Amino acid sequence: MKAQKIVITGGPGTGKSSIIFELEKRGYTCLHEISRQVTLEAQKEGIDQLFLEQPLLFSKKLLEGRDAQFIEAEESEGTMIFIDRGVHDVIAYMDYFNTKYDEPFISTCKNRIYEQVFLLPPWEEIYKSDNERYESFAEAEKISDYLSKTYIAYGYKPIIVPTGTVEERTDFILNNTSEV
């Protein structure tokens, strides 16, 4: 039996990574966000902020990485695998930044089907900026809107995760994960 692929998404600074770590602590298989890894690899090649300097290349690398994660999840044994952001997040961000993209982005999103999507809404009390997260909280709110609209446009009904402790939010996700 193939594992259910469950996306945890949301704008920057909404607590996705904390929930992924909590799920791992509880014994679930998780795939981590890769955007920081893409940024660090570009920095090794002398590009300080790939996202700002070459947004289309950054997005292509993200799409490739998230597509590889989808394939990894497809081949995974077990019942559920949680993924920190899906392929659709790439298009949502590109739309937010008004970056033009071509057909491979669209077909990847059409062909990569997740069983469930959980959306973490913006939450100002936990939002923090850092070297890779430079958006203001207002921008994070707009990005969250784009994420929601993108997943809905591709036929998903994102489940909104309420605020609370990491443990409470993780419990909410687990209690609302449907068995296939």
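Observations on the model:
- The single condition among (1) surrounded by fewer than 15 Cβ atoms within 10 Å (Cβ to Cβ); (2) assigned to a helix (DSSP H, G or I); (3) modelled with pLDDT of 85 or more that Ser148 does not satisfy is (1).
- Residue satisfying all of: in segment 151-176; in contact with a Pro (Cβ under 8 Å, 6 or more places away or on another chain) and aliphatic (A, V, I, L, M); surrounded by the most Cβ atoms within 10 Å (Cβ to Cβ) among these: Val161
- Where Leu174 falls short, out of the listed (1) among the aliphatic types (A, V, I, L, M); (2) at pLDDT below 95; (3) part of a helix (DSSP H, G or I): (2)
- Subset of segment 22-62 [part of a helix (DSSP H, G or I), surrounded by 15 or more Cβ atoms within 10 Å (Cβ to Cβ) and modelled with pLDDT of 90 or more]: Glu22, Leu23
- When Lys100, Lys110 are screened for being of a type in the set (Lys, Arg) and either part of a loop (DSSP other than H, G, I, E, B) or touching a Ser or Thr at 6+ places or on another chain (Cβ under 8 Å) (or both), only Lys100 passes.
- Unique match (being basic (Lys, Arg) and either at pLDDT 90 or above or closer than 21 Å to Arg26 by Cβ (or both)) among Arg133, Arg169: Arg169
The values are calculated or read from the model by the stated rules, or taken from the named source; none is laboratory data. Computed from a predicted structure; not experimentally measured. All Cβ positions, glycine included, derive from the backbone under ideal geometry; neighbour counts span all protein chains shown.
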